[in-house]
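So the structure is just underneath, and the comments pick up after that.
The values are calculated or read from the model by the stated rules, or taken from the named source; none is laboratory data. Predicted, not measured: the structure shown is a model, and the values here were computed from it. A quick note on method: Cβ atoms are made from the backbone with ideal geometry, for glycine too, and the neighbour counts reach across all protein chains shown.
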Amino acid sequence: MNKSIRQFLTYIYLERRYSEKTVRAYGEDLAQFEEFLKKLFEADEVFWNLIRKQQIRAFMADLYHQGLSRRSLGRKLSTIKSFYKYLGREGLIPENPCISIHVPKYEKKLPEFLAEDEVDLLMKMPDQSTFSGLRDLAILEFFYSTGIRLSELLGLKMTDLDFQQELVRVIGKGNKERIIPFGSKAKEVLKEYLNFRTQIGTTLSDVLFINEKGQALYPMAVQRMVKKYLIQIPGLVQKSPHILRHSYATHLINHGAGIRTVKDLLGHSNLSTTQIYTHVSIDHLKEVYADAHPGARVSQNSQKRRS
């Protein structure tokens, strides 16, 4: 991999505090761009100061013809833009060739979420007579009660919980800290789980969620656990923990929570990321209107009345 790319990846990891997953994705995008340029120029090395917007557009066109979605094209172009912004700041290029290149617009897919009665059904599935069942319920309730990400849940420690005020301290993307309230249902099942947890021999005294052997849970184990229950709800396409985050945000907005409040609770850096849930809410309102308002349905009587 090119030296400048390695330095850029080190910069976003150590100084910008990007996650390892994000840094890896940036590295893959830039490595792909570098390979394209080597083939284009039939060269063994890329000199970034010689690259112009024509070559960047050629790379995007090549990806488009490979069948990449506009969302993927936009992500890769954003990576290249960030890279060239870094090169410019370090004085390694005379000018930024990305300035006049715009990220392609794409339609955001509305996130899938559970209806409130489906959430109730989900919470009845785990067997609360066993340690694993009670822990599973505690995890499901906590996902839905706080809207936190999987990585955030796995990073929780006992000391992050404030049962008296029903608050939890969460470390999110970019090591940003936020305080989130959790509901009485989550509080109740968490206390039951913690009472059961004392019976498990573990040296992980401060890790909140553990397995039957007293070990910290890993992402795939939680993903499999959540899928085990979600697969029992008919019609769901997505069966990952993130659907509970979507459900949390959607239900908050459906019940009148402000978009900025939801943004802060979710830990979004930009309001535009949160606004997708307003579209979900509008669709929900339209369905309620269509089902409940006499004027929304066309019948023979209504046609006669208005003819």
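Details
- Candidate set: the range 106-149, residues that are of a type in the set (A, V, I, L, M) and surrounded by 20 or more Cβ atoms within 10 Å (Cβ to Cβ); chosen: the one nearest to the chain's Cα centre (by Cα): Ile148
- The helices (runs of 4 or more DSSP H) falling completely within the range 224-307 that include 2 or more residues that are modelled with pLDDT of 90 or more and surrounded by 13 or more Cβ atoms within 10 Å (Cβ to Cβ) map to 242-254, 259-266.
- Within the set Ile51, Ile12, the sole residue that is in contact (Cβ under 8 Å) with a residue 60 or more places away in the chain and surrounded by 12 or more Cβ atoms within 10 Å (Cβ to Cβ) turns out to be Ile12.
- The residues in the range 133-192 that are farther than 20 Å from Thr274 by Cβ and among the hydroxyl-bearing types (Ser, Thr, Tyr) can be counted, and the count is 2.
- Every residue from the range 13-33 that is assigned to a loop (DSSP other than H, G, I, E, B) and under 15 Å from the mean Cα position of the chain (by Cα): Tyr18, Ser19
- Condition met for Gly74 (out of contact with any Ser or Thr (no Cβ under 8 Å at 6 or more places or on another chain) and either assigned by TED's automatic domain parsing to the domain that holds Glu212 or at pLDDT 95 or above (or both)): no
- If you go through the range 120-130 and keep only what is over 11 Å from Tyr229 (Cβ atoms) and assigned to a helix (DSSP H, G or I), you end up with just Asp120.
- The number of residues in the range 34-78 being among the β-branched types (Val, Ile, Thr) and either within 28 Å of the chain's Cα centre (by Cα) or in a helix (DSSP H, G or I) (or both) comes to 1.
- Pair list, Cβ under 7 Å, 6 or more apart: the range 71-96 residue of a type in the set (Phe, Trp, Tyr), other residue surrounded by fewer than 18 Cβ atoms within 10 Å (Cβ to Cβ) and outside any helix (DSSP H, G or I): Tyr84/Asn96
- Condition met for Val46 (at pLDDT below 95, among the aliphatic types (A, V, I, L, M) and farther than 26 Å from Ser272 by Cα): yes
- Test: Ile200 is over 15 Å from Leu153 (Cβ atoms), in contact with a Leu (Cβ under 6 Å, 6 or more places away or on another chain), surrounded by fewer than 16 Cβ atoms within 10 Å (Cβ to Cβ) and of a type outside the set (Asp, Glu): no
- Breaking point among (1) under 23 Å from Leu122 (Cα atoms); (2) touching a Ser or Thr at 6+ places or on another chain (Cβ under 6 Å); (3) modelled with pLDDT under 90, for Gly214: (1)
- Search result, residues across the range 131-177 that are among the basic types (Lys, Arg), modelled with pLDDT under 95 and assigned to a strand (DSSP E or B): Lys157
- Looking across the range 204-235, just one residue is more than 16 Å from Leu156 (Cα to Cα), among the β-branched types (Val, Ile, Thr) and without any contact (Cβ under 8 Å) to a residue 60 or more places away in the chain, and that is Ile231.
- The set of residues in the range 178-216 being in a loop (DSSP other than H, G, I, E, B) and among the acidic types (Asp, Glu) consists of Asp206, Glu212.
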